[in-house]
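FYI, it's all coordinate maths here, none of it is from the lab. Predicted model only: the values in this text are computed from it and were never measured. Neighbour counts are summed over all protein chains in view; Cβ atoms, including those assigned to glycine, are modelled from backbone coordinates with ideal geometry.
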């Protein structure tokens, strides 16, 4: 018997395999279905998804075989990963100097025929094989060979899905920690601005003109609202996916306060058409969504007299919110792109500031968090309409929808 040599890049290959966190995991239907199909197509009693670990080959799926692993020294698959660019086939192990006295050939499971399609990671490392085994000499025709290779790609697709989900979870945790830190850092100056503005108002009572007094009141109000928003973001960063908290919202008042917070310039008109008095939603999430849309409608408007309409309507099942502007419009070819992270269509806004390209990406994610949808209609030179559709929860359904 000849054991397979160790690949030159073995340490890197093992490290790459570890990224998938798949060794010694429980059986999964998706992988078991692939081995079942492979055995059926190739006409063999056994099909395996074999991953080559340091001292063993471990089977993520083992159709027609009761064992979950065997020593690496005996593994046909250890030979197969040395030829990662092709199907590794042994039609009769008894006639092959490498395998005729292999314990897996002379004893159970009596591997006489073997065909293994290498499983290549995204970095190009061979992690193992999808293989089919028979206890008598066997051959595969061209269609069977292609099917086995195609199925090996499906195995890798399933493994990549696991790895992507793991990486996504890690990134989400990192973003959550970042949001927590940023929110925490913002909370202190917002609180200071609020307290200082109150102190100035008290100390200068009767000494300021009416315009200055109103400005100071507005400063206090906006500082307080900003602090509330930061507190809400902090809550969401801590709660993660469970952050949706439905509550009763008096919508006309909510919209009016939000418009005031966005500080539209004097050459802007904001019209609200709210036919729904009370809704059940998460006020923090809804505020972030609408604040982004209204702020964008103001910042990127190119008309002498800007106009934004906020229209809210409802049916028994849906709540619809539209933010409509008379700005420059967005070409249809960019309607998907604008929701991507760090995607901007304009170099600067009407105030000379460069956008981050985060706002609409955040809006889309928050809408999806509430199981809603968002769409855009736009005409070049005439403006854009962003429509959000959410579930319409009645006022008495707060407890029922806590788990949304």
Peptides ranked, highest mean first, by Cβ atoms within 10 Å: ranges 127-137, 150-160: 127-137, 150-160
So for the range 10-167, averaging the separation of alpha carbon pairs under 8 Å that are six or more residues apart and normalising by length, what relative contact order in percent results? 25 percent
Potential extension, residue 153-residue 85 segment - 0.36 nm per residue separation minus Cα distance: 23.2 nm
Simple spin-label estimate for residue 212/residue 362, 7 Å along Cα→Cβ, in nm, reads 3.4 nm
Could you calculate the contour length gain from residue 333 to residue 8, that is, 0.36 nm times the residue separation minus the distance between their Cα atoms, to one decimal place in nm? 112.2 nm
At residue 295 and residue 275, where each label point lies 7 Å from the Cα along Cα→Cβ, what is the point-to-point distance in nanometres? 3.1 nm
Pairwise label distance in nanometres, residue 315 with residue 161, each label 7 Å out on the Cα-Cβ vector: 3.2 nm
If neighbour count is taken as other Cβ atoms inside 10 Å, put 79, 63 in order from fewest to most. 79, 63
Could you rank the peptides 46-57, 293-304, 11-22, 27-38 by their average count of other C-beta atoms within 10 Å per residue, with the highest value first? 46-57, 293-304, 27-38, 11-22
